[in-house]
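Here the structure is laid out as structure tokens; the discussion comes afterwards.
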Amino acid sequence: MMTNRSWGVILLVLYAFVLNLNAFELRKGQKTERISGSAGDVLEDDPVGRLKVFVYELPSKYNKKILQKDPRCLNHMFAAEIYMHRFLLSSPVRTLNPEEADWFYTPVYTTCDLTPNGLPLPFKSPRMMRSAIQLISSNWPYWNRTEGADHFFIVPHDFGACFHYQEEKAIERGILPLLQRATLVQTFGQKNHVCLKEGSITVPPYAPPQKMQSHLIPPSIPRSIFVYFRGLFYDVGNDPEGGYYARGARAAVWENFKDNPLFDISTEHPTTYYEDMQRAVFCLCPLGWAPWSPRLVEAVIFGCIPVIIADDIVLPFADAIPWEDIGVYVDEKDVPNLDTILTSIPTEVILRKQRLLANPSMKQAMLFPHPAQPGDAFHQILNGLARKLPHDKSVYLRKGEKVLNWTAGPVADLKPW
């Protein structure tokens, strides 16, 4: 790790000169680069005509009334469940005839139960989801013929359908038993984790498109910040002894680089946060309590190279977005060497990442805009569902066959909702 402050200042001036000169030309000319190979083709796929989705009409207590009770749910990072519902209601892939449907969607707003501080409380979510599944299985025949294997659910909690914000508790709970055969569309993604089952579709968290659009700065402004981060380094309230929050990775960033002039890092969240990201070359995207956060979306939208610090993370739409080409992966154990790692990246590599990030299709895929736009996150989800078709014959159960255990799970989950 570099400890000589003078050497750091020299590096800062050097990088500011080299990167600003090149980045100025990039932003001024708006040079972009298309993603090569199959990833680029997948990113630009159009799902219309490739699948049909039936949307269950549930009583409003499962969705609209919950939102009316707390409109803040429209703007938090878990809002994809609300906007996906709205999108599907008017989407050309929607069918009103369930007999011709490839997929079935149950609109349940399981994250719209917020504390005064705006944090979701997942404790009612399992009972709410069970209640909705009981309803559709009693009123329509389609759940029972597959026990959910041709159904998909949006579960944007910290740890998906494990329905808990603390990882130890989430692992202990596991995925809600009734969702074991369904396709889960979730923000949480981590390899070899009980809360990510095979076949799930990992998506970006919701970030408000209009708000970000309103903070765009002129493309002629150069990137004069080398590394940028705003957020917690310690969570004293929930992790008083330290070391557990973010598996110590955020604490390592602060302890090693709080005085490094290459790093603009702080717990303060300024009103110029979005503008600052557009002035930065690298934006740190470390894990917190969960491996994902909206910073990843913000970095891509604002053309700041995401530095992904979350071991074994499964990133959104990984079959369409070449994360290794646009970002930088740093193992959690290597955080003390962040300065050396980032200053060692050749300028031409940095510029190529910036050109890829400038591709409008890359940015569009990370957003849930309203109204929807071609290639956005809604369409990427549909593309993921379309690529799973046709369903294998094993999806359909034999007459009288049962796979799911309706009484499995914690006793509290079995209580009526």
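The values are calculated or read from the model by the stated rules, or taken from the named source; none is laboratory data. Model, not experiment: these values are computed from the prediction. Cβ: placed from backbone, ideal geometry, glycine included. Neighbour counts: every protein chain shown. The area values use the complete protein model at the heavy-atom level, side chains included, leaving out ligands, DNA and RNA. Shrake-Rupley method; radii C 1.70, N 1.55, O 1.52, S 1.80 Å.
Some notes on this structure:
- Only one entry of Tyr142, Tyr206 meets the criterion of being touching a strand residue (DSSP E or B) at 6+ places or on another chain (Cβ under 9 Å), modelled with pLDDT of 95 or more and not hydrophobic (A, V, I, L, M, F, W, C), and that entry is Tyr142.
- Residue satisfying condition, being modelled with pLDDT of 95 or more, open to solvent by less than 50 Å² (accessible area, probe 1.4 Å), of a type in the set (A, V, I, L, M) and under 19 Å from the mean Cα position of the chain (by Cα), within set Ile381, Ile350: Ile381
- The stretch 43-64 residues that are farther than 26 Å from Ser138 by Cβ, paired with ones that are at pLDDT 95 or above and open to solvent by 60 Å² or more (accessible area, probe 1.4 Å) (beta carbon under 6 Å, 6 or more apart): Val48/Pro92
Residues are listed down the side, and each one gets a yes or a no for (1) open to solvent by less than 10 Å² (accessible area, probe 1.4 Å); (2) among the aliphatic types (A, V, I, L, M); (3) closer than 21 Å to Ile133 by Cα:
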{"site": "Asp150", "(1), (2), (3)": "yes, no, yes"}
{"site": "Val194", "(1), (2), (3)": "no, yes, no"}
{"site": "Ser200", "(1), (2), (3)": "no, no, yes"}
{"site": "Pro205", "(1), (2), (3)": "yes, no, no"}
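- Subset of the stretch 283-305 (residues that are assigned to a helix (DSSP H, G or I), within 10 Å of the chain's Cα centre (by Cα) and of a type outside the set (Lys, Arg)): Leu296, Val297
- Pro306, sole failed condition from (1) open to solvent by 10 Å² or more (accessible area, probe 1.4 Å); (2) in contact with a Cys (Cβ under 7 Å, 6 or more places away or on another chain); (3) under 18 Å from Asp339 (Cα atoms): (1)
- Looking across the stretch 280-294, the residues that are in contact with a Phe, Trp or Tyr (Cβ under 8 Å, 6 or more places away or on another chain) and either open to solvent by 20 Å² or more (accessible area, probe 1.4 Å) or under 27 Å from Phe188 (Cβ atoms) (or both) come down to Ala280, Phe282, Cys283, Leu284, Pro286, Gly288, Trp289, Ala290, Pro291, Trp292, Pro294.
- Enumeration of residues in the stretch 250-265 that are farther than 16 Å from Gly288 by Cβ and not acidic (Asp, Glu): Asn256, Phe257, Lys258, Asn260, Pro261, Leu262, Phe263
- Filtered by the rule that a residue be part of a helix (DSSP H, G or I) and either surrounded by 23 or more Cβ atoms within 10 Å (Cβ to Cβ) or without any contact (Cβ under 8 Å) to a residue 60 or more places away in the chain (or both), the stretch 152-170 gives Gly160, Ala161, Cys162, Glu168, Lys169, Ala170.
- Whichever residue in the stretch 197-220 is of a type in the set (Val, Ile, Thr) and in a loop (DSSP other than H, G, I, E, B) and, among such residues, is farthest from Val185 (Cα to Cα): Ile217
- Filter pass, Phe188 being buried (at least 24 other Cβ atoms within 10 Å of the Cβ) and assigned to a strand (DSSP E or B): no
- For the stretch 360-386, filtered to residues that are assigned to a loop (DSSP other than H, G, I, E, B) and free of Cβ contacts under 8 Å to residues at least 60 places away in the same chain, the residue that is farthest from Gly327 (Cα to Cα) is Pro371.
- Those residues of the stretch 213-243 which are touching an Asp or Glu at 6+ places or on another chain (Cβ under 7 Å) and either among the polar types (S, T, N, Q) or closer than 26 Å to Asn117 by Cβ (or both), in sequence order: His215, Tyr228, Arg230
- In the stretch 354-372, the residues that are touching a helix residue (DSSP H, G or I) at 6+ places or on another chain (Cβ under 6 Å) and open to solvent by less than 20 Å² (accessible area, probe 1.4 Å): Gln354, Leu356, Leu357, Ala365, Met366, Phe368, Pro369
For every residue, the table says whether it meets (1) in contact with a strand residue (DSSP E or B) (Cβ under 9 Å, 6 or more places away or on another chain); (2) over 24 Å from Ile171 (Cβ atoms); (3) not aromatic (Phe, Trp, Tyr).
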| position | (1), (2), (3) |
| --- | --- |
| Trp289 | no, no, no |
| Leu315 | yes, no, yes |
| Ala320 | no, yes, yes |
| Trp323 | yes, yes, no |
| Gly327 | yes, yes, yes |
| Val330 | yes, yes, yes |
| Lys333 | no, no, yes |
| Glu348 | no, yes, yes |
| Ser361 | no, yes, yes |
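- Among (1) within 18 Å of the chain's Cα centre (by Cα); (2) open to solvent by less than 50 Å² (accessible area, probe 1.4 Å); (3) within 29 Å of Ile305 (Cβ to Cβ), the one test that Val227 misses: (1)
- Among all positions in the stretch 321-328, there is at least one residue which is in a helix (DSSP H, G or I), β-branched (Val, Ile, Thr) and closer than 12 Å to Pro306 by Cβ.
- Qualifying position, being charged (D, E, K, R), out of contact with any helix residue (DSSP H, G or I) (no Cβ under 6 Å at 6 or more places or on another chain), at pLDDT 95 or above and surrounded by fewer than 18 Cβ atoms within 10 Å (Cβ to Cβ), among Asp339, Asp334: Asp334
- Enumeration of residues in the stretch 62-98 that are under 20 Å from Pro126 (Cα atoms), assigned to a helix (DSSP H, G or I) and out of contact with any Phe, Trp or Tyr (no Cβ under 9 Å at 6 or more places or on another chain): Lys65, Lys69
- Candidates Pro92, Pro47, Pro116 - the one that is within 23 Å of His370 (Cα to Cα) and open to solvent by 70 Å² or more (accessible area, probe 1.4 Å): Pro92
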